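To keep things clear, I will list the structure first and then write my remarks on it.
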Amino acid sequence: MISITPSISIDENEIQLRFVRASGPGGQNVNKVATAVQLRYDVGNSPSLPGDVRTRLIRLAGRRITQDGILIIEARQFRTQERNREDAIERLVELIRRATEKPKPRRKTKPSRAAKERRIESKKQRGNVKKMRKAVPGFD
């Protein structure tokens, strides 16, 4: 079990890990050893996630989520499979933690009367500055 919050944990069987060859650092092993990790997590069908967290996670994931609701995280930063595996799982946990935070509701506000008057006054001043740039007619 992968613990995310005290109330949410994911079973490791829900995550699929696939190891692929990575570009980048690796020296002689770069073309021989599959060190990059592709983590797949089915967000749409996961019994571990509450509905509101699921919808926020789908919104947060952006392009990393497929049409079928599968979240794909690729980790290829490190030279070893194990470190890339840990990195991918950490990134998944962090993404889900961010999805558990409920967004603060937005309150509509109106500008105060004084703020409106200051705005209009600054616009008038700007207009006067532009008016002063014009050439005076009949003055040669």
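The values are calculated or read from the model by the stated rules, or taken from the named source; none is laboratory data. None of the values given here were measured: they were computed from a predicted structure. Positions of Cβ are backbone-derived with ideal geometry, glycine not excepted, and every protein chain shown enters the neighbour counts.
General remarks:
- In region 84-117, the residue that is nearest to GLU12 (Cα to Cα) out of those that are small (Gly, Ala, Ser) and assigned to a helix (DSSP H, G or I) is ALA88.
- Within region 78-102, the residues that satisfy the criterion of being free of Cβ contacts under 8 Å to residues at least 12 places away in the same chain and either surrounded by 16 or more Cβ atoms within 10 Å (Cβ to Cβ) or more than 23 Å from ASN45 (Cα to Cα) (or both) are GLU82, ARG83, GLU86.
- Residue within region 69-78 that is in contact with an Asp or Glu (Cβ under 9 Å, 6 or more places away or on another chain), in a strand (DSSP E or B), small (Gly, Ala, Ser) and at pLDDT 75 or above present: yes
- Just one of the listed residues (GLY138, GLY127, GLY62) is on the phi > 0 side of the Ramachandran plot and part of a helix (DSSP H, G or I), namely GLY62.
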